[in-house]
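Reviewing the structure listed below.
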Amino acid sequence: MPTVSPRRWWALVVLAAAQFMVIMDTSIIGVALPEMQRDLGFSQGDLQWVFNAYVIAFGGLLLLGGRLSDLLGARRVFITGWTVLTGGSVVAAAAQTAWVEVAGRAVQGVGGALIAPAAMTLLMTLFAHDPKELGRAMALYGAAAPAGGTAGVFLGGVFTEWLSWPWVFIIYVPIGLATLAAARLLPSVAPRRGAVDLLGAVAVTAGLALAVFAVVRAPETGWGSPQTVLGLLGAAALLSVFLVLQRTVREPLMPLGIWRVPGLGAANLAMTLLGAAWIPMWYFLNLYLQQVLGYGAFASGAALLPMTVLLMVFMNAVTARLLARFGAKPLIAGGLLVLALGLVWLSAVEPTGSFAVDVLPASLVAALGMSLAYIPAMMAAMSGAPAGQAGLASGIVNTAYQVGSALGLAALTALATSRGAGALGDLPALTDGFGAAFLAAAGVAAVGGILALTTMRAQRAVAAPQEAAEVPETEQTGV
């Protein structure tokens, strides 16, 4: 019988706080981007690296983080992750040049990739003795994710407006130190013997980074230029090496046999396209509010709060009940199509537009679509996995979302730049570029909805409403 820790609920507070901060690390930077751009000299096209450096490191190393958590002990990896994240925050806060800022964000992503799977392992260890307690713990842990996204939007505006943009990173230093001090509350999980596929982790992360770099530079160098073509070919070669390694090494990060699970491929494709549509929308909406409408950082963060509050409330209070009643397929397809509708609406933004007319209603429609699709896609990707591979399935679907986010943002930034979004100060050109990105993101979401309708199996959800809401949320929704 599992050992019951008398300090398990205090330990849950530490784990939920970690989840809160890892999710907030994405959303808090959004409203600070224009200030960072002015101070550090980012070009309009390269500004996305502040976001993508974190996402690539997080998504590319998430499976490795889970493997290390199993082999070295979850508490040790959790502590290491927070040490790395805190160090990356110091670098990002102190950066005086763009490349140092990007490096700090990448280090933060490495820390997040260690923290997220270790926290989930620790939570399961703490509450494995009682399924009812585990359910309550998972619900509290899961609620920390949307709460972190909402807090990040607000706090990013507060810090940037009344202090300065480095404070969006400085805040992680005292919190990181406090978390490390509180780590003694966490259980010690015994390590076990096994091999680590470091080469596979390097190959998949480098392949993703090279693909994003090639797409980002394509508007400047040309899509048919040797730099772009060789970059994309190199990325394909690295990702192919990763797949070969997963087939040949004794203990791979991602055993390829898991893809025989029915519905796993379709659900992960839906998550990839969801990330590729949602994250660019969130990114360009921040820029439109500040660079076109002239909002300050605090006003921009406040303008995004209705959308993030809707996400938090709807995901936790409504989507789970709909999932239990209708199953995953109609919610995923319908959510992606509703997201596409909101993005089409946003694509009509005007240089002389207003928040009430051009942003608020469309962003709420988009957020509704995201709320409908996200948890069902997570559940669909995990529901068919054998018990021993549920954690792997969770890691894969989270990685799919991060990969979609990074590649989608890179591609749509290239499109927006080519349509005028690089012309700072030229409001019509900026608006044309942002509008083109919103419309392309709508196309991505619509394709995702159609593919979900045609490739996913219709099935009733087997989870009760509360259980459906208790998805292990190591992912990042951006807000």
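The values are calculated or read from the model by the stated rules, or taken from the named source; none is laboratory data. Source: prediction; values computed, not measured. Note that we place each Cβ from the backbone using ideal geometry, even for glycine, and neighbour counts take in every protein chain shown.
With (1) modelled with pLDDT of 85 or more; (2) out of contact with any Leu (no Cβ under 6 Å at 6 or more places or on another chain); (3) assigned to a helix (DSSP H, G or I) as the list, and Ala410 as the residue in question, which single condition is left unmet?
For Ala410, the failing item is (1).
Residue under question is Ala421, and the condition is that it be modelled with pLDDT of 80 or more and not hydroxyl-bearing (Ser, Thr, Tyr); does it hold?
Numbers: modelled with pLDDT of 80 or more: no; not hydroxyl-bearing (Ser, Thr, Tyr): yes.
No, not satisfied.
Could you grab me the full set of residues in the range 251-278 that are in contact with a Gly (Cβ under 9 Å, 6 or more places away or on another chain) and over 17 Å from Val403 (Cα atoms)?
Correct list: Glu251, Pro252, Trp259, Val261, Pro262, Gly263.
Out of all the residues in the range 45-67, which are in contact (Cβ under 8 Å) with a residue 60 or more places away in the chain and in contact with a Pro (Cβ under 8 Å, 6 or more places away or on another chain)?
Once the filter is applied, which keeps residues that are in contact (Cβ under 8 Å) with a residue 60 or more places away in the chain and in contact with a Pro (Cβ under 8 Å, 6 or more places away or on another chain), the range 45-67 yields Gly45, Leu62, Gly66.
In the range 300-331, which residues are part of a helix (DSSP H, G or I) and not aliphatic (A, V, I, L, M)? If you could, list the steps in order and put the result at the bottom.
In the first step, residues of the range 300-331 are kept if they are part of a helix (DSSP H, G or I); the result is 300-326, 328-331.
Residues satisfying the conditions are Ser300, Gly301, Pro306, Thr308, Phe314, Asn316, Thr319, Arg321, Arg325, Phe326, Lys329, Pro330.
Can you name every residue in the range 55-107 that is assigned to a loop (DSSP other than H, G, I, E, B) and within 21 Å of Leu185 (Cβ to Cβ)?
Keep residues of the range 55-107 that are assigned to a loop (DSSP other than H, G, I, E, B), which gives 73, 95-97.
Result: Gly73, single match.
Counting just the residues of the range 332-357 that are outside any loop (DSSP other than H, G, I, E, B) and at pLDDT below 90, which one comes out surrounded by the most Cβ atoms within 10 Å (Cβ to Cβ)?
Restricting attention to the range 332-357, the residues satisfying the condition of being outside any loop (DSSP other than H, G, I, E, B) are 332-346, 355-357.
If we keep only those that are at pLDDT below 90 as well, we get 355-357.
Values: Phe355: 16, Ala356: 9, Val357: 12.
Looking at the filtered set, the residue picked out is Phe355.
Inside the range 314-324, can you point out the residues that are at pLDDT below 80 and either surrounded by 23 or more Cβ atoms within 10 Å (Cβ to Cβ) or under 22 Å from Ala445 (Cβ atoms) (or both)?
Hits for the range 314-324 are Met315, Thr319, Ala320, Leu323.
Please work out if Ile28 is crowded, with 24+ Cβ neighbours inside 10 Å, of a type in the set (A, V, I, L, M) and either in the same structural domain as Thr160 (by TED's automatic domain parsing) or in contact with a strand residue (DSSP E or B) (Cβ under 9 Å, 6 or more places away or on another chain) (or both). Break it down stepwise before answering.
Working: crowded, with 24+ Cβ neighbours inside 10 Å: yes; of a type in the set (A, V, I, L, M): yes; either in the same structural domain as Thr160 (by TED's automatic domain parsing) or in contact with a strand residue (DSSP E or B) (Cβ under 9 Å, 6 or more places away or on another chain) (or both): yes.
Considered against the rule, which asks whether it is crowded, with 24+ Cβ neighbours inside 10 Å, of a type in the set (A, V, I, L, M) and either in the same structural domain as Thr160 (by TED's automatic domain parsing) or in contact with a strand residue (DSSP E or B) (Cβ under 9 Å, 6 or more places away or on another chain) (or both), Ile28 comes out as yes.
Here is a list: Gly296, Gly335. Which entry is out of contact with any Lys or Arg (no Cβ under 9 Å at 6 or more places or on another chain) and more than 19 Å from Val153 (Cβ to Cβ)?
Only one candidate passes the filter, namely Gly335.
For every residue, the table says whether it meets (1) crowded, with 20+ Cβ neighbours inside 10 Å; (2) outside the structural domain of Ala211 (by TED's automatic domain parsing); (3) among the small types (Gly, Ala, Ser).
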{"site": "Arg7", "(1), (2), (3)": "no, yes, no"}
{"site": "Ile23", "(1), (2), (3)": "yes, yes, no"}
{"site": "Tyr54", "(1), (2), (3)": "yes, yes, no"}
{"site": "Ala57", "(1), (2), (3)": "yes, yes, yes"}
{"site": "Ala74", "(1), (2), (3)": "yes, yes, yes"}
{"site": "Trp82", "(1), (2), (3)": "yes, yes, no"}
{"site": "Ala92", "(1), (2), (3)": "yes, yes, yes"}
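Given the structure, is Pro280 surrounded by 22 or more Cβ atoms within 10 Å (Cβ to Cβ) and assigned to a helix (DSSP H, G or I)? Outline the logic, then answer.
Values: surrounded by 22 or more Cβ atoms within 10 Å (Cβ to Cβ): yes; assigned to a helix (DSSP H, G or I): yes.
In short, yes.
Residues Gly301, Gly327: which one is crowded, with 19+ Cβ neighbours inside 10 Å, modelled with pLDDT under 85 and on the phi > 0 side of the Ramachandran plot? Talk me through it step by step, then tell me what you get.
On the way: Gly301 fails: on the phi > 0 side of the Ramachandran plot.
It is Gly327.
Step by step: first the residues of the range 426-438, then only those that are under 15 Å from Tyr283 (Cβ atoms) and touching a residue at least 60 places away in the same chain (Cβ under 8 Å), then the one that is surrounded by the most Cβ atoms within 10 Å (Cβ to Cβ). Which residue is that? Please lay out each step first, then the result.
Restricting attention to the range 426-438, the residues satisfying the condition of being under 15 Å from Tyr283 (Cβ atoms) are 430, 433-438.
Checking the rest, the ones that are also touching a residue at least 60 places away in the same chain (Cβ under 8 Å) come to 430, 434-438.
Numbers: Leu430: 25, Phe434: 25, Gly435: 22, Ala436: 20, Ala437: 31, Phe438: 27.
By that ranking, first place goes to Ala437.
Does the range 287-298 include one or more residues that are assigned to a helix (DSSP H, G or I) and over 24 Å from Ala416 (Cα atoms)? Quick ask: steps written out before the conclusion?
Here is the first cut: in the range 287-298, the ones assigned to a helix (DSSP H, G or I) are 287-292, 297-298.
If we keep only those that are over 24 Å from Ala416 (Cα atoms) as well, we get 298.
Taking every residue of the range 287-298 in turn, at least one turns out to be assigned to a helix (DSSP H, G or I) and over 24 Å from Ala416 (Cα atoms).
If only one of Ala328, Ala299, Ala340 is small (Gly, Ala, Ser) and within 14 Å of Val31 (Cβ to Cβ), which one is it?
On the way: Ala328 fails: within 14 Å of Val31 (Cβ to Cβ); Ala340 fails: within 14 Å of Val31 (Cβ to Cβ).
Step by step, each of Ala328, Ala299, Ala340 is checked, and only Ala299 is small (Gly, Ala, Ser) and within 14 Å of Val31 (Cβ to Cβ).
Which pairs do you get when a residue that is over 16 Å from Ser418 (Cβ atoms) and assigned by TED's automatic domain parsing to the domain that holds Ala209, found in the range 222-235, comes within reach of a residue that is of a type in the set (Gly, Ala, Ser) and surrounded by 14 or more Cβ atoms within 10 Å (Cβ to Cβ), reach meaning Cβ atoms under 6 angstrom, with the pair 6+ apart or on two chains?
Correct list of pairs: Gly231/Ala214; Leu232/Ala214; Ala235/Gly207; Ala235/Ala211.
Which one of these is among the β-branched types (Val, Ile, Thr), at pLDDT below 85, within 21 Å of Leu61 (Cβ to Cβ) and surrounded by 13 or more Cβ atoms within 10 Å (Cβ to Cβ): Thr272, Thr205?
On the way: Thr272 fails: at pLDDT below 85.
From the options Thr272, Thr205, the qualifying one is Thr205.
Could you tell me whether the range 119-126 includes any residue that is free of Cβ contacts under 8 Å to residues at least 12 places away in the same chain and either farther than 18 Å from Met24 by Cβ or not assigned by TED's automatic domain parsing to the domain that holds Leu180 (or both)? Working first, answer last.
Pass one, the range 119-126, residues free of Cβ contacts under 8 Å to residues at least 12 places away in the same chain: 124.
When the remaining residues are screened for being either farther than 18 Å from Met24 by Cβ or not assigned by TED's automatic domain parsing to the domain that holds Leu180 (or both), the result is 124.
Yes, that holds for at least one residue.
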